[in-house]
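Visitor: Before I ask anything, here is the structure I am working with.
The values are calculated or read from the model by the stated rules, or taken from the named source; none is laboratory data. Just so we're clear, the structure is a prediction, and the values are computed from it rather than from any experiment. Cβ sites come from the backbone with ideal geometry, for glycine too, and all protein chains shown count toward neighbours. With ligands, DNA and RNA removed, areas are computed over all heavy atoms of the protein, side chains included. Shrake-Rupley method; radii C 1.70, N 1.55, O 1.52, S 1.80 Å.
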Amino acid sequence: MCGIVGYLGPKEKKNILLDGLQELEYRGYDSAGIAVISQGKLQHFKAVGKLENLREKARDFRSEGLGAAIGHTRWATHGKPTELNAHPHVGAFSYVVHNGIIENYQELKKELEAQGVRFLSQTDTETIVHLFEAFINKGMEPFEAFRQTIARLEGAYAILLISEAAPETIFFAKNGSPLLIAFDGDEVYFASSDTAVIGKAKEAYYLEDGEYGFASAGEVRLFDRDGPKAFSTQPLPSDKAMAQKDGYRFFMEKEIYEQSSVIGDTMLGRVLDETIEFEELPARFFEGISRIKICACGTSYHAGLTGSYLLERLAKVPCDVEIASEFRYKEPLLSTDTLFITISQSGETADTLEALKMAKRAGLKSLTICNVDNSSIVRESDAAILTRAGIEKGVASTKAFATQVMVLWMLSLYLSQRDDKLDRDRRRRELDAMRRTPKALVVEEKLHERIHRLSKRYLHGHGFFFIGRDIFFPLALEGALKLKEISYLHAEGYPAGEMKHGPIALADAELFTIALMPRSLLYDKIKSNVEELSARDATILAISPEPFELADDFIGTQHSEHSMLEFFEMMVVTQLLALEISIRLGNDVDMPRNLAKSVTVE
Ligand code: G6P
């Protein structure tokens, strides 16, 4: 979710770092910083906001001669986007940059504080630099101190560390977050993505999880659990735009594929062995709350609708959901025992923001589920849970939706813990299913290929109906929205049981029905709804783990006892279907006509 760069060599270091960070800014941009050790001198600069601010701050700085330098652009996870919380984090004589989340940082922090270490920031990252220095202070060699530090860390990380204890050296480690080492002769570069070093270095090695080591005097020593390790480099790609898309044709496609890993980020430190934790929620935040109202727009509204089923079912809290632009002008009756939850990818949507202000004026407590820290909606809310999807570039939202739904599911379970609303077994089943979600989101090549082939039959017709029941109804709404946003074909989402009350009049061979038929939830009910449509000659594309003989087309999903796993798997199918239809129609997938990523006007 953040961007990292590093450089070891004789060139002027500031510009190498800043240019590299510029390429990574799309990954996170609420603050940035650089640190340089050159000819015995240690210096750092940090700035909140866009990279330009850092450029401005470091304008007069130049570093001559051989030296080590690291930089970071941040997308806040722990702690607000302030200068103190910006990377590089500093100890007494060392600096660290880190991408990922250190899950056991609180335990480490307590330990270090007990030894008299003073922390400057609220971040998990700062523990790394202090831990390293504590080992040095015990007389350890720098590399051994780094190795011991890494051994204590739990969670995900890509780390670069420089220290006066070992000038002209960069220590590195990777586990769960991307990191590569790139070379140009004796010069060594580090980056979280190759876009940062394309055009500078010629070849690269992409680190594997569990690898760590150091670069010194133009040489890189690599280690893993079994000891020293040989590695070979590969040539770097030459096209930057392609590299930003990691080889995918469109950002939307890349973001669909990323869902499996970002859902992991969303859950990190929150889904624990037996419970759900949200350390960002103040103690007693839910005291006096007996109802929930969710308010949002577009895709976020669909996430909210999904959440309302989960909140009532798991947390047993009455919950209703409103479209923000409707809520604002309906003269709603509000009571202060209602928690007002807004959901927004951008945190800037005008209608959602105004709805939030209205609720606050009425004295309601507010919580936002948002992807952008320090956004207007986050700042306006009493509390925020960040979805940690990373920057979403495709206008049609995919990974933001997936992470919003995940947060709502976790929140439902979190609230159910309050008064033991669920028995132990049920809670365990929910937690188990959550842990299996990243796997359910992995896009199988065979599936994508099948959807690609099927898509050619769905480029015309007089309309699409996506139908589902229960949580698959909001998913049907979202599937239809995805399709219309990027294909410009008419599509509607509908509750399957409601088709007979009107829309079935439209049924004929040119009406395409995309039927979401999970096995774990109301299968027989939806089956008879689809049979009714089939009897009227509608063309049916069934998405189900259960073969369905009346379907004209069929996409098979996994059998799973938990409906949320089926939900996430079917979500991917509907996203890919929209993507493939849009590509065949020759549309601009990432920037569809008439739409904007963030709508800051009413
Ligand atoms: C725009 C975007 C949609 C998004 C909606 C709400 O219309 O095109 O993709 O769902 O705004 O945005 P938010 O940032 O509040 O989630």
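Visitor: Just need a number here: residues in the stretch 332-352 that are open to solvent by less than 40 Å² (accessible area, probe 1.4 Å), away from the ligand (no atom under 16 Å from the Cβ) and within 16 Å of residue 318 (Cα to Cα).
Guide: 2
Visitor: Any residue that is of a type in the set (Phe, Trp, Tyr), in the same structural domain as residue 196 (by TED's automatic domain parsing) and either at pLDDT 95 or above or open to solvent by less than 20 Å² (accessible area, probe 1.4 Å) (or both) - is there at least one of those in the stretch 121-133? Even if it seems obvious, please write down each step before you answer.
Guide: The first filter runs over the stretch 121-133 and keeps only residues of a type in the set (Phe, Trp, Tyr), leaving 132.
Add one more test, that the residue is in the same structural domain as residue 196 (by TED's automatic domain parsing), and what stays is 132.
Add one more test, that the residue is either at pLDDT 95 or above or open to solvent by less than 20 Å² (accessible area, probe 1.4 Å) (or both), and what stays is 132.
Yes, because at least one residue in the stretch 121-133 is of a type in the set (Phe, Trp, Tyr), in the same structural domain as residue 196 (by TED's automatic domain parsing) and either at pLDDT 95 or above or open to solvent by less than 20 Å² (accessible area, probe 1.4 Å) (or both).
Visitor: Just one of 83, 52 is without any contact (Cβ under 8 Å) to a residue 24 or more places away in the chain, assigned by TED's automatic domain parsing to the domain that holds residue 181 and either out of contact with any helix residue (DSSP H, G or I) (no Cβ under 8 Å at 6 or more places or on another chain) or outside any strand (DSSP E or B) (or both); which is it?
Guide: Working: 83 fails: without any contact (Cβ under 8 Å) to a residue 24 or more places away in the chain.
Checking each option against the conditions leaves just 52.
Visitor: Suppose the filter is free of Cβ contacts under 8 Å to residues at least 40 places away in the same chain, closer than 27 Å to residue 395 by Cβ and surrounded by 20 or more Cβ atoms within 10 Å (Cβ to Cβ); does residue 543 pass it? Break it down into steps so the answer makes sense when it comes.
Guide: Values: free of Cβ contacts under 8 Å to residues at least 40 places away in the same chain: yes; closer than 27 Å to residue 395 by Cβ: yes; surrounded by 20 or more Cβ atoms within 10 Å (Cβ to Cβ): yes.
Here the answer is yes, as residue 543 does meet what is asked.
Visitor: Tell me yes or no: at least one residue of the stretch 20-38 is of a type outside the set (Ser, Thr, Tyr), on the phi > 0 side of the Ramachandran plot and more than 20 Å from the chain's Cα centre (by Cα).
Guide: So far as the stretch 20-38 goes, no, none of its residues is of a type outside the set (Ser, Thr, Tyr), on the phi > 0 side of the Ramachandran plot and more than 20 Å from the chain's Cα centre (by Cα).
Visitor: Residues of the stretch 395-411 being within 14 Å of the ligand (Cβ to nearest atom) and either within 13 Å of the chain's Cα centre (by Cα) or of a type in the set (Asp, Glu) (or both), which ones? Walk me through it before giving the result.
Guide: Residues of the stretch 395-411 within 14 Å of the ligand (Cβ to nearest atom): 395-405, 407-408.
If the condition is that a residue be within 14 Å of the ligand (Cβ to nearest atom) and either within 13 Å of the chain's Cα centre (by Cα) or of a type in the set (Asp, Glu) (or both), then 397, 398, 399, 400, 401, 402, 403, 404, 405, 407 are the ones that fit.
Visitor: Can you run down the residue pairs with Cβ atoms below 8 Å, 6 or more apart or on separate chains, where the first is in the stretch 437-451 and touching a residue at least 60 places away in the same chain (Cβ under 8 Å) and the partner is of a type in the set (Gly, Ala, Ser) and open to solvent by less than 20 Å² (accessible area, probe 1.4 Å)?
Guide: Close Cβ pairs satisfying both conditions: 441/402.
Visitor: Then there's this: Is there a residue in the stretch 267-275 that is away from the ligand (no atom under 16 Å from the Cβ), assigned by TED's automatic domain parsing to the domain that holds residue 412 and in contact with an Asp or Glu (Cβ under 6 Å, 6 or more places away or on another chain)? Write out each step before concluding.
Guide: Applying the first criterion (away from the ligand (no atom under 16 Å from the Cβ)) to the stretch 267-275 yields 267-275.
Adding the requirement that they be assigned by TED's automatic domain parsing to the domain that holds residue 412 leaves 267-275.
Adding the requirement that they be in contact with an Asp or Glu (Cβ under 6 Å, 6 or more places away or on another chain) leaves 269-270.
Yes, there is a match, as at least one residue in the stretch 267-275 is away from the ligand (no atom under 16 Å from the Cβ), assigned by TED's automatic domain parsing to the domain that holds residue 412 and in contact with an Asp or Glu (Cβ under 6 Å, 6 or more places away or on another chain).
Visitor: Restrict the check to the stretch 57-64 and report whether at least one residue is part of a loop (DSSP other than H, G, I, E, B) and under 20 Å from the mean Cα position of the chain (by Cα).
Guide: Filtering the stretch 57-64 down to residues part of a loop (DSSP other than H, G, I, E, B) leaves 58-64.
Applying the additional criterion that residues be under 20 Å from the mean Cα position of the chain (by Cα) yields none.
Checking the stretch 57-64: not a single residue is part of a loop (DSSP other than H, G, I, E, B) and under 20 Å from the mean Cα position of the chain (by Cα).
Visitor: May I pose another question? Under the condition of being among the aliphatic types (A, V, I, L, M) and in contact (Cβ under 8 Å) with a residue 60 or more places away in the chain, which residue from the stretch 333-350 is nearest to residue 287 (Cα to Cα)? Steps first, answer last, please.
Guide: Narrowing the stretch 333-350 to residues among the aliphatic types (A, V, I, L, M): 333-334, 339, 341, 343, 350.
Keeping just the survivors that are in contact (Cβ under 8 Å) with a residue 60 or more places away in the chain gives 343, 350.
Working: 343: 21, 350: 29 Å.
Here the answer is 343.
Visitor: Same structure, new question: Report, ordered by the first and then the second residue, all pairs with beta carbons closer than 9 Å, sequence separation of six or more or different chains, a first member in the stretch 108-121 that is of a type in the set (Gly, Ala, Ser), and a second member that is open to solvent by 90 Å² or more (accessible area, probe 1.4 Å).
Guide: These pairs meet every condition: 121/84.
Visitor: Restricting attention to the stretch 495-503, does a residue exist that is at pLDDT 95 or above and more than 16 Å from the ligand (Cβ to nearest atom)? Outline the logic, then answer.
Guide: Step one: filter the stretch 495-503 for residues at pLDDT 95 or above, giving 495.
Cutting the leftovers down to more than 16 Å from the ligand (Cβ to nearest atom) gives us 495.
Yes: the stretch 495-503 contains one or more residues that are at pLDDT 95 or above and more than 16 Å from the ligand (Cβ to nearest atom).
Visitor: Going residue by residue through the stretch 412-426, is there one that turns out to be open to solvent by 10 Å² or more (accessible area, probe 1.4 Å), under 27 Å from residue 297 (Cβ atoms) and within 16 Å of the ligand (Cβ to nearest atom)? I'd like the intermediate steps shown before the answer.
Guide: Step one: list which residues in the stretch 412-426 are open to solvent by 10 Å² or more (accessible area, probe 1.4 Å), which gives 414, 417-426.
Narrowing the set further to residues that are under 27 Å from residue 297 (Cβ atoms) leaves 414.
Cutting the leftovers down to within 16 Å of the ligand (Cβ to nearest atom) gives us none.
Looking for residues that are open to solvent by 10 Å² or more (accessible area, probe 1.4 Å), under 27 Å from residue 297 (Cβ atoms) and within 16 Å of the ligand (Cβ to nearest atom), one finds none in the stretch 412-426, hence no.
Visitor: Take residue 389 and tell me if it is among the small types (Gly, Ala, Ser), assigned to a loop (DSSP other than H, G, I, E, B) and more than 15 Å from residue 349 (Cα to Cα).
Guide: When the stated conditions are applied, residue 389 passes them.
Okay, residues lined up against (1) in contact with a strand residue (DSSP E or B) (Cβ under 9 Å, 6 or more places away or on another chain); (2) within 23 Å of residue 103 (Cβ to Cβ); (3) among the charged types (D, E, K, R):
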| residue | (1), (2), (3) |
| --- | --- |
| 120 | yes, yes, no |
| 132 | yes, yes, no |
| 141 | no, no, yes |
| 150 | yes, yes, no |
| 158 | yes, yes, no |
| 201 | yes, no, no |
| 212 | yes, yes, no |
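Visitor: Same structure, new question: I'm trying to understand the selection: among the residues of the stretch 318-331, which are assigned to a helix (DSSP H, G or I), away from the ligand (no atom under 13 Å from the Cβ) and open to solvent by less than 50 Å² (accessible area, probe 1.4 Å)?
Guide: Taking the stretch 318-331 first, the residues assigned to a helix (DSSP H, G or I) are 324-327.
Cutting the leftovers down to away from the ligand (no atom under 13 Å from the Cβ) gives us 326-327.
Result: 327, single match.
Visitor: While we're on this one: Quick one: how many residues across the stretch 384-394 are within 13 Å of the ligand (Cβ to nearest atom), closer than 18 Å to residue 2 by Cβ and either small (Gly, Ala, Ser) or free of Cβ contacts under 8 Å to residues at least 12 places away in the same chain (or both)?
Guide: Here the count works out to 1.
Visitor: Does residue 474 qualify as being more than 16 Å from the ligand (Cβ to nearest atom), modelled with pLDDT of 95 or more and in the same structural domain as residue 576 (by TED's automatic domain parsing)?
Guide: Numbers: more than 16 Å from the ligand (Cβ to nearest atom): no; modelled with pLDDT of 95 or more: yes; in the same structural domain as residue 576 (by TED's automatic domain parsing): yes.
Considered against the rule, which asks whether it is more than 16 Å from the ligand (Cβ to nearest atom), modelled with pLDDT of 95 or more and in the same structural domain as residue 576 (by TED's automatic domain parsing), residue 474 comes out as no.
Visitor: I've got another one for you. Just to be sure I understand, how many residues within the stretch 362-383 are open to solvent by less than 20 Å² (accessible area, probe 1.4 Å) and either near the ligand (Cβ under 10 Å from one of its atoms) or assigned to a strand (DSSP E or B) (or both)?
Guide: Going through the stretch 362-383 one residue at a time, the tally reaches 9.
Visitor: Cβ contacts < 7 Å: first residue assigned by TED's automatic domain parsing to the domain that holds residue 290, restricted to the stretch 356-374; second residue of a type in the set (Asp, Glu) and open to solvent by 40 Å² or more (accessible area, probe 1.4 Å), any location; separation 6+ or different chain. Result?
Guide: Between residues of the stretch 356-374 that are assigned by TED's automatic domain parsing to the domain that holds residue 290 and residues that are of a type in the set (Asp, Glu) and open to solvent by 40 Å² or more (accessible area, probe 1.4 Å), the close pairs are 356/380; 357/380; 365/382; 366/382; 367/382.
Visitor: If I filter the stretch 556-602 down to residues being open to solvent by 70 Å² or more (accessible area, probe 1.4 Å) and more than 16 Å from the ligand (Cβ to nearest atom), which single residue comes out as farthest from residue 469 (Cα to Cα)?
Guide: 584
Visitor: Does the stretch 267-284 hold any residues that are within 24 Å of residue 336 (Cβ to Cβ) and either under 21 Å from the mean Cα position of the chain (by Cα) or surrounded by 15 or more Cβ atoms within 10 Å (Cβ to Cβ) (or both), and which are they? So that I can check it myself, show each step before the final result.
Guide: Filtering the stretch 267-284 down to residues within 24 Å of residue 336 (Cβ to Cβ) leaves 278, 280-284.
Selection gives 278, 280, 281.
Visitor: Among the candidates 315, 355, which residue alone is modelled with pLDDT of 95 or more, closer than 25 Å to residue 388 by Cβ and within 16 Å of the ligand (Cβ to nearest atom)?
Guide: Details: 315 fails: within 16 Å of the ligand (Cβ to nearest atom).
One residue alone meets the criteria, 355.
Visitor: List pairs: first residue in the stretch 208-221 and under 13 Å from residue 159 (Cα atoms) and of a type in the set (Phe, Trp, Tyr), second residue open to solvent by 30 Å² or more (accessible area, probe 1.4 Å) and outside any strand (DSSP E or B) anywhere in the structure, Cβ distance under 6 angstrom, at least six positions apart or on different chains.
Guide: Filtered contacts from the stretch 208-221: 214/143.
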